[in-house]
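Peer 1: Take a look at the following structure, please.
The values are calculated or read from the model by the stated rules, or taken from the named source; none is laboratory data. Every value quoted in this text rests on a predicted model; they were computed, and no experiment measured them. Quick reminder, even Gly has a Cβ in these numbers, built from the backbone with ideal geometry, and neighbours come from all protein chains shown.
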Amino acid sequence: MLYRWILKHSADDNKISEILNHFNISPILASLLVDLSLETKDEIENFFNPQLSQLHDPFKMHNMDIAVNRIIEALRKGENMLVYGDYDVDGTTGVSILYEAIFKLGGKVSFYIPNRITDGYGLSMQGIKTAKERKTDLIITVDCGITAVEEVKFANECGLDVIICDHHEPSDSLPEAVAVLDPKIKECQYPFKELAGVGVAFKLLQALYSKLGYGIEELESYLDLVAVGTAADIVSLRDENRILVKYGLERLNKNPRNGLFALLESSSLLGREINVSLIVFVLAPRINAVGRMSNAKKAVHLLTSSSLQQARNIARILESENKIRRGIDDTTCQEAIKIIEENMDLEKEKIIVLAKNDWHPGVIGIVASRIMEKYNRPSILISLKDGLGKGSARSTLNFDIYEALYSVSDLLENFGGHKFAAGLTICEDNLDQFKEAINRISNEYITEEDLTPKLEIQREISLNDLDANFLKWLKLFAPYGPQNRRPVFLTRNIQIAGNASIVGNNHLKLKVKQDGIVIDAIAYNLGEIKYKLKSANQSIDSAFVIEENTWNGQTTIQMRIKDINIL
């Protein structure tokens, strides 16, 4: 076993019975609905059948009316607008929908994506100077700007108005912008706080188009981009995000825009059912690659392209840069592991903090995630150059890395982000003190049990439970993501049916059986288990998720094994 298995207790029987009175659903799945705090008939119907009509009124967001009126004024006066976004997937998709939608309204609009290396994260002085050179009247930020107090002050001094459109945690003071749109600011009573940056941008468009007399159907063509940006940013997939991603996935699978079609084509995904997992692990890295390796404006050109051939040309560039990025990732990860193994005492240091000269700033976030997964603890990688370090932090579920950085902010030049991911800038001279301080904080909140890899299992079932009705309802639980994870099941004492084999890059492929039921199974990166099996009919306990596998036009149910206990 790779993990310590944590089997959740069954939900309240009375609540399960109430659900079964209204829905012809398996008691097992009814108990999962209770786990999700879905208990009433209306809540469950809305969950299984989300509608765009369920989206919240965008004008409930603080300052939304001010932001909309300012954009309408810019449209009426023919003012120059600049959409200014972050260089990740959330930022580039948000920029794309605002840029394209305002342009369709007749707006004089351009966009600006900062260069990760020369500009750094977020709204910068250099970016504002560029906006001034373009004779910009109004800057609209996307996925950044909530902490840009000095930068917005500078923009105001330059005669530029600014609308902040962000979803990150605010600092103690807000920028003095024309309007600040961020569900997380304390003044905002918006009912859903977990929108991605592209989600906040979409709400701005929803409000703008509504004020101009257009219905939500005018914005449906942007939902594929909203789904990609939301899924890639790993935000909660409940409430509005679930609605936006569900409808965005439908569009992505049936009628994607040229840029996404070309990206699906270049990444060999055409013909496959695109889900959140494929966005996160296949599409998003390719969109991110140009922001990490060169300039993310290529991603916006791809996502807004009206020409399929142009989109295909750009998609090939993204594919090439992603291959280069993967090579740098691997080298950096190997160097990081070597530092850890040779120089760190993981019994004393519960947060991994690594710094090295000239690590590529565009990949340290990815490598921090890989290090976090390998060692099961929060990880911070810092690239040093000329006495200054730029870092990326990633954290596990039990430790709020943003709050930890806030606690040691006196040692940092700058920082921002949220609970699970953050960025920072630090003087090299402060590194040792920073490392000591943040580990001191971690010792207060991270226990030895937290550092033990765990696998949370929702329910124990038998293979007989996997009938057609179970699978029909289980499919409606998607799209999966944070706060609605794909359920992990446990089945005990099942047998290997025939001989297991190793396929691909160390993946174990097999069939399992129980009480006459046989099902296909695959265990990714667990090929070595084949050599631990004593016989072809070996009994095992299996922790797994259920998914569909499409091959040569045929779709079958597959058990994707996450861990095995050999009996």
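Peer 1: Only one of these conditions is not met by Ile314: (1) within 18 Å of the chain's Cα centre (by Cα); (2) closer than 30 Å to Trp551 by Cα; (3) not assigned by TED's automatic domain parsing to the domain that holds Phe399. Which number is it?
Peer 2: Of the numbered conditions (1) within 18 Å of the chain's Cα centre (by Cα); (2) closer than 30 Å to Trp551 by Cα; (3) not assigned by TED's automatic domain parsing to the domain that holds Phe399, the odd one out for Ile314 is (1).
Peer 1: Among the residues in segment 228-251, are any over 24 Å from Ala478 (Cβ atoms) and either in a helix (DSSP H, G or I) or polar (S, T, N, Q) (or both)?
Peer 2: no
Peer 1: Inspect segment 361-369 for any residue being touching a residue at least 12 places away in the same chain (Cβ under 8 Å), surrounded by fewer than 19 Cβ atoms within 10 Å (Cβ to Cβ) and not polar (S, T, N, Q) and give the result as yes or no.
Peer 2: No, because not a single residue in segment 361-369 is touching a residue at least 12 places away in the same chain (Cβ under 8 Å), surrounded by fewer than 19 Cβ atoms within 10 Å (Cβ to Cβ) and not polar (S, T, N, Q).
Peer 1: Report, by residue number, each residue of segment 6-48 that is in a helix (DSSP H, G or I), buried (at least 16 other Cβ atoms within 10 Å of the Cβ) and in contact with a Lys or Arg (Cβ under 6 Å, 6 or more places away or on another chain).
Peer 2: Ile28, Val34
Peer 1: Moving on. Looking only at segment 124-159, count how many residues are under 32 Å from the mean Cα position of the chain (by Cα), in a loop (DSSP other than H, G, I, E, B) and over 21 Å from Phe415 (Cα atoms).
Peer 2: The qualifying residues number 1.
Peer 1: Then there is this: Return the total of residues in segment 440-456 being touching a Lys or Arg at 6+ places or on another chain (Cβ under 7 Å) and surrounded by 17 or more Cβ atoms within 10 Å (Cβ to Cβ).
Peer 2: Qualifying residue count for the region: 2.
Peer 1: Can you tell me which residue among Asp166, Asp119, Asp90 is free of Cβ contacts under 8 Å to residues at least 12 places away in the same chain and either assigned by TED's automatic domain parsing to the domain that holds Lys193 or buried (at least 20 other Cβ atoms within 10 Å of the Cβ) (or both)?
Peer 2: Within the list Asp166, Asp119, Asp90, the selection yields Asp119.
Peer 1: State all residues of segment 260-295 that are in a loop (DSSP other than H, G, I, E, B) and polar (S, T, N, Q); if no residue qualifies, say none.
Peer 2: Result: Ser267, Ser268, Asn275, Ser294, Asn295.
Residue-wise test of (1) surrounded by fewer than 17 Cβ atoms within 10 Å (Cβ to Cβ); (2) among the small types (Gly, Ala, Ser).
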| site | (1), (2) |
| --- | --- |
| Thr304 | no, no |
| Gly327 | yes, yes |
| Glu335 | yes, no |
| Ala355 | no, yes |
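Peer 1: For segment 543-558, how many residues meet the condition of being at pLDDT 95 or above and touching an Asp or Glu at 6+ places or on another chain (Cβ under 8 Å)? Before the answer, list the steps.
Peer 2: Filtering segment 543-558 for residues at pLDDT 95 or above gives 543-546.
Of the ones still in play, those that are also touching an Asp or Glu at 6+ places or on another chain (Cβ under 8 Å) are 543.
Looking only at that region, the number is 1.
Peer 1: While we're on this one: Can you tell which of Ser501, Ser462 is more than 32 Å from the chain's Cα centre (by Cα), at pLDDT 95 or above and not aromatic (Phe, Trp, Tyr)?
Peer 2: Ser462
Peer 1: Looking at segment 57-87 only, could you name the residues that are assigned to a loop (DSSP other than H, G, I, E, B), touching a Lys or Arg at 6+ places or on another chain (Cβ under 8 Å) and surrounded by fewer than 23 Cβ atoms within 10 Å (Cβ to Cβ)?
Peer 2: Scanning segment 57-87 gives Gly78, Glu79.
Peer 1: If you go through segment 526-542, how many residues are of a type in the set (Gly, Ala, Ser) and closer than 15 Å to Gln514 by Cβ?
Peer 2: Of the residues in segment 526-542, 2 are of a type in the set (Gly, Ala, Ser) and closer than 15 Å to Gln514 by Cβ.
Peer 1: Regarding segment 333-340, can at least one residue be identified that is modelled with pLDDT of 95 or more, under 18 Å from Arg292 (Cα atoms) and in contact with a helix residue (DSSP H, G or I) (Cβ under 6 Å, 6 or more places away or on another chain)?
Peer 2: Looking for residues that are modelled with pLDDT of 95 or more, under 18 Å from Arg292 (Cα atoms) and in contact with a helix residue (DSSP H, G or I) (Cβ under 6 Å, 6 or more places away or on another chain), one finds at least one in segment 333-340, hence yes.
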